Amino acid sequence: MSFLADLPELPRRLAAAVPGWSETTDVLVVGSGVAGLTAALHLREQGLHVTVVTKVNIDDGSTRWAQGGIAAVLDPLDTPAAHANDTEIAGVGLCDPAAVRVLVEEGPTRVRELMRIGAEFDRHPDGTLMLTREGGHRADRIVHAGGDATGAEVQRALHEAVRRDPWIKLVEHALVLDLLRGADGRACGLTLHVLGEGSEDGVGAILARAVVLATGGMGQIYSSTTNPSVSTGDGVALAIRAGAVVTDVEFVQFHPTSFVSAAVTSVQRPLISEALRGEGAHLVDEAGKRFMVGRHELAELAPRDVVAKGIHRVLLDTGADHVYLDARHLGAEFLEHRFPTIVASTRSAGIDPATELIPVAPAAHYASGGVRTDLHGRTTIPGLYACGEVACTGVHGANRLASNSLLEGLVFAKRIADDIARDLPPQADPFSGPAGPAWVADPAIRGELQRAMTRGAGVLRSAGSLAGTAKELTRLAGLRTTPRNAAWEATNLLTVASALVASASTRLETRGCHWREDYPVAEDEWRGHLLNGLSPKGVLTQTFEEML
């Protein structure tokens, strides 16, 4: 059953001051990771003026934390069809084949463009790209940079390219609030709050002829995540408040191997890249036994949901809070050269991977669902686009294949820029239509919300656990306060958490990274998508769309 009735009513607007300033641009891009900066650069190629707003600093999003690489068919012996097949297997029947074709066929060109603007990927002594393998891939097609610092290199290259263009305006320390729409319903800008280094202080508005959401994920709804503190689901929450459709939000991928250490005290846990297993590291239990052998033909390199579930089963059986990754046989020299970031991270916490086992456990990593888009990045609101982790393009289905995320940002950012340039209307004036409920949650709910979501809507879910989570979210929604940044973030977390619980309680099966212990198998009747919306009064709505 669904617990929609037990979930809180949500705001249709964030309580905030009336905008005290405004400015205008051609296209407003929200987010400064791979998706946002790539979109900005392609929009500039089309001759458009672009404003990029980002929550803290330009490099503080999820992109720079990506240790894994970018999956693309760059080996003459590999094929787009093989990459598509691996993607669809990982997606467990819910991938959109058309979106997957776009990804795998256009991906290699986008990666080469990235190299042309200055991204430097690891190469063999003869100059050829060093291609590696990660979980779920049946071919070596992953490009890396700095061993395990691919995201940082991609972010560096894009950042430098954006800084070189005087017609891209960057506004940092800006938290977006709500979408502005014209009389015809088309997106025409955003309200936002800017602090510190921003061009204006306080609540303001940026008017634009099109808006691109590239705000990243929502991992901060959980107590343990690989996502940075800024990943509070702002884009998904903004979109659902504005009336856009969000879908597949129940499919949150838990990375199997986050680093567990008493030295790590924040919600964000260091990631131990899947590439380490790709190079031969093994998962073992406390007795030193490889528990993934025999559970899947690819053992430790099975799709992430399979490995995360395998680890979780061991934790349930043993009562431990971690298993181990054994990389000792790879040797210190290889580890230091290939995985310098991981080695530095673990050694700083007192674990030397060359001589000791690395304690690991699953942590929330990637949202496969998000704001629903078509193949051109268009949402269900005209003029509003989405790409990157905030979007649901249909590529990932029920579980993202490793290293497809950076690729998705590159591919669909280009498609969005092309679509905007083809048909960009004049600037519209914001229309003041009927106002829905406006309020903000108390920032103090953040920790309680994270703990409730981890207990009841994390790796393992059931009717009972989800019902308890729904009631807790409703209680937390009653704790409200005056508008400020932390309150706006808390309200966004509450909004996306409520949408996730709604879908997770409705989907009565286990598929991909959605694991229901009371419905342990995938069912044909659930081969489709749950679409979430928000009524004018702030009540979550839901429909099921069967796949053809």
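Residue check: Val343 meets all listed conditions (1) surrounded by 15 or more Cβ atoms within 10 Å (Cβ to Cβ); (2) closer than 23 Å to Val230 by Cβ but one, namely (2). Residue under question is Ala499, and the condition is that it be part of a helix (DSSP H, G or I), without any contact (Cβ under 8 Å) to a residue 60 or more places away in the chain, within 25 Å of Arg241 (Cβ to Cβ) and not hydroxyl-bearing (Ser, Thr, Tyr); does it hold? Criteria not met by Ala499. Scanning the range 427-483 for residues that are part of a loop (DSSP other than H, G, I, E, B) and among the hydroxyl-bearing types (Ser, Thr, Tyr) gives Ser432, Ser462, Thr481, Thr482.
Would you pick out the residues in the range 280-324 that are of a type in the set (Asp, Glu) and either under 19 Å from Pro359 (Cβ atoms) or in contact with a His (Cβ under 8 Å, 6 or more places away or on another chain) (or both)? So that I can check it myself, show each step before the final result.
Pass one, the range 280-324, residues of a type in the set (Asp, Glu): 285-286, 297, 300, 305, 317, 321.
Passing the criteria: Asp285, Glu286, Glu300, Asp317, Asp321.
Across the range 138-150, the qualifying residues are those that are under 20 Å from the mean Cα position of the chain (by Cα), part of a loop (DSSP other than H, G, I, E, B) and not acidic (Asp, Glu), and the one among them that is surrounded by the fewest Cβ atoms within 10 Å (Cβ to Cβ) is Ala149. Within the range 262-278, residues that are within 17 Å of Ile221 (Cα to Cα) reach partners that are of a type outside the set (Ser, Thr, Tyr) and part of a loop (DSSP other than H, G, I, E, B) with beta carbons closer than 6 Å, at six or more positions or on different chains, in the pairs Gln268/Pro228. Exactly one residue among Gly394, Gly478 is assigned by TED's automatic domain parsing to the domain that holds Leu175 and closer than 23 Å to Ala242 by Cα, and that residue is Gly394. Residues of the range 315-344 that are at pLDDT below 90 and of a type in the set (Ser, Thr, Tyr): Thr341 alone.
For (1) more than 22 Å from Cys392 (Cα to Cα); (2) of a type outside the set (Asp, Glu); (3) outside any strand (DSSP E or B), each residue gets a yes or a no:
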| residue | (1), (2), (3) |
| --- | --- |
| Ala152 | yes, yes, yes |
| His159 | yes, yes, yes |
| Val162 | yes, yes, yes |
| Asp165 | yes, no, yes |
| Val176 | no, yes, no |
| Ala183 | yes, yes, yes |
| Gly204 | yes, yes, no |
| Val212 | no, yes, no |
| Gly217 | no, yes, yes |
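When the test is whether a residue is surrounded by fewer than 22 Cβ atoms within 10 Å (Cβ to Cβ), touching a residue at least 12 places away in the same chain (Cβ under 8 Å) and on the phi > 0 side of the Ramachandran plot, Gly216 does not pass it.
Filtering the range 155-187 down to residues that are out of contact with any strand residue (DSSP E or B) (no Cβ under 8 Å at 6 or more places or on another chain) and surrounded by 21 or more Cβ atoms within 10 Å (Cβ to Cβ), which residue is modelled with the lowest pLDDT? If we take residues in the range 155-187 being out of contact with any strand residue (DSSP E or B) (no Cβ under 8 Å at 6 or more places or on another chain) and surrounded by 21 or more Cβ atoms within 10 Å (Cβ to Cβ), then Gln155 is modelled with the lowest pLDDT.
Go over the candidates Asp352, Asp305 one by one and state the one that is under 25 Å from His144 (Cβ atoms) and over 25 Å from the mean Cα position of the chain (by Cα).
Numbers: Asp305 fails: over 25 Å from the mean Cα position of the chain (by Cα).
Unique residue meeting the criteria: Asp352.
Every residue in the range 85-116 that is closer than 19 Å to Gly377 by Cα and outside any helix (DSSP H, G or I), please. Result: Leu94, Cys95, Asp96. Checked against the criterion of being of a type in the set (D, E, K, R) and part of a helix (DSSP H, G or I), the candidates Glu525, Glu509 yield just one match: Glu525.
Identify all residues within the range 88-121 that are under 30 Å from Arg507 (Cβ atoms), surrounded by fewer than 20 Cβ atoms within 10 Å (Cβ to Cβ) and among the small types (Gly, Ala, Ser); write none if there are none. Across the range 88-121, the qualifying residues are Gly93, Ala98. Taking the criterion of being farther than 14 Å from Leu177 by Cα and in a loop (DSSP other than H, G, I, E, B), the residues of the range 21-36 that qualify are Trp21, Ser32, Gly33.
Scan the range 66-103 for residues that are over 17 Å from Asn399 (Cβ atoms) and among the aliphatic types (A, V, I, L, M) and jot them down. So that I can check it myself, show each step before the final result.
From the range 66-103, those over 17 Å from Asn399 (Cβ atoms) are 66-67, 69-70, 72-82, 98, 101-102; that's our starting set.
Correct list: Ala66, Ile70, Ala72, Val73, Leu74, Leu77, Ala81, Ala82, Ala98, Val102.
Report, by residue number, each residue of the range 526-548 that is under 15 Å from Ala398 (Cα atoms) and charged (D, E, K, R). Once the filter is applied, which keeps residues that are under 15 Å from Ala398 (Cα atoms) and charged (D, E, K, R), the range 526-548 yields Arg527, Glu545, Glu546.
Considering only residues in the range 373-422 that are assigned to a helix (DSSP H, G or I) and among the small types (Gly, Ala, Ser), the one that is surrounded by the fewest Cβ atoms within 10 Å (Cβ to Cβ) turns out to be Ala421.
The values are calculated or read from the model by the stated rules, or taken from the named source; none is laboratory data. All values derive from a computational prediction rather than experimental measurement. Positions of Cβ are backbone-derived with ideal geometry, glycine not excepted, and every protein chain shown enters the neighbour counts.
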